[in-house]
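What follows is a short report on a single structure.
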Amino acid sequence: MINPEMNKLVEVLLEGGHAAALSEARRLRTAGMASERIVTEGLEAAMQRLDDKCTVESFNLLEIMLVGRAVSAVVNELYPEGVPPEQGRDTFVIATLEGDVHDLGKNITKMVLIGKGYRVVDLGKDCPVEALVNAAEREHAHAVLVSGLITPVIPQVRKVRSALVERGLGGIRVVAGGAALKQSSAEALNVDYVAETAFDGARYLDSLVVHKAEGAA
């Protein structure tokens, strides 16, 4: 159930109005609302509503992009220096690997995860595996997310897990997504999970975070 104080923010986010969303977020901040509450009770609620609408069968890419832009604008307003580790639900590193310069799917996934309250370190496109592993170690990431639109990137994806293991980071989960990678199985790509959509990947990551919290309890 949405916090009544967040109704307006959720409404304008779902309309994709980034200027209106910024205005409402600023109003909430001025009224004394903590940034973390705006993320968890406002942005996350909006992304859950969008998730409920966007099944695999009726995936509205334009709507997701517009809402994602509005969510990103609010996050940048609340955390101009980036979401600090202690403020995020968990930290993930995301990249389109070397050999692929397409980043639309990566950017949508990043928006979805930020909207759900996660800290996401984006390494951009055409990213070497070594740079991905370096960032995972530096940022203490729980998972790395790799995107691929074209099939030539698949050999790079298959290198990620072994590169993590060699660095002593074998506990970090590897999640793949994107048009080229969805055609393969997790086993064939040597990853933990292949996401059908950004929201599907987010649900998998949610389950990892819940399991981690239960293990720490």
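The values are calculated or read from the model by the stated rules, or taken from the named source; none is laboratory data. Worth saying up front: this structure is predicted, and the values here are computed from it rather than measured. All Cβ positions, even for glycine, are placed from backbone atoms using ideal geometry, and neighbour counts span all protein chains on display. Calculation scope for accessible area: heavy atoms of the full protein, side chains included, ligands and nucleic acids excluded. Shrake-Rupley method; radii C 1.70, N 1.55, O 1.52, S 1.80 Å.
What is the Cα centroid distance between the stretch 183-212 and the stretch 76-118, reported in whole angstrom?
16
Can you tell me the mean projection area, over all orientations, of the convex hull of the stretch 92-175's alpha carbons? Units nm², please.
With every direction weighted equally, the projected area is 4.7 nm².
Would you mind giving the average projected area, over all directions, of the Cα convex hull of the stretch 4-78 in nm² with one decimal?
4.4
Just from its helices, what would the mean residue ellipticity at 222 nm be for the chain, if runs of 4 or more DSSP H residues each count -39500 (n - 2.57) and the sum is divided by every residue, rounded to the nearest 500 deg cm²/dmol?
-15500 deg cm²/dmol
What pairs from Lys125/Lys159; Lys8/Lys182; Lys8/Lys212; Lys116/Lys182 go past 28 Å between their alpha carbons?
Flagged as over cut-off: Lys8/Lys182; Lys8/Lys212.
Compute from the Cα atoms of the chain the Rg and the Dmax, the latter being the longest Cα-Cα distance, and quote both in angstrom.
17.1, 52
How large is the accessible surface of Thr91 in square angstrom, using a 1.4 angstrom probe and rounding to the nearest 10?
Thr91 has an accessible surface of roughly 10 Å² with all protein chains in place.
Given a 1.4 Å probe and the protein chains all in place, what does the accessible area of Ser162 round to, in Å² to the nearest 10?
Only protein atoms counted, so the area is about 60 Å².
Relative contact order for the chain: what percent, with Cα pairs under 8 Å and sequence separation of 6 or more?
Across the chain, relative contact order equals 17 percent.
May I ask you to derive the relative contact order of the stretch 4-78, considering only C-alpha pairs under 8 Å and at least 6 residues apart, and to give it as an integer percent?
51
Cβ under 13 Å from Asn107's Cβ, Asn107 left aside: what net charge do those residues give with Lys, Arg +1 and Asp, Glu -1?
Once positives and negatives cancel, what remains is +2.
Just the accessible area for Met65, please: 1.4 Å probe, Å², rounded to the nearest 10?
Roughly 70 Å² of Met65 is accessible to a 1.4 Å probe.
Kindly state, to the nearest 0.05, the FRET efficiency for Ser162 paired with Leu104, given R0 = 41 Å and r defined as their beta-carbon distance.
0.90
Once you have all Cα-Cα distances for the stretch 39-126, histogram them in 10 Å bins from zero and send the whole-percent values.
Whole-percent P(r) values from 0 Å outward: 17, 48, 31, 4.
Roughly speaking, to the nearest percent, how much of the chain's 1.4 Å accessible area is carbon and sulfur?
52
Sticking to Cα atoms, compute the Rg of the stretch 129-210 to one decimal and its Dmax as the biggest Cα-Cα distance, whole number, in Å.
Cα radius of gyration and Dmax of the stretch 129-210 are 11.9, 34 Å respectively.
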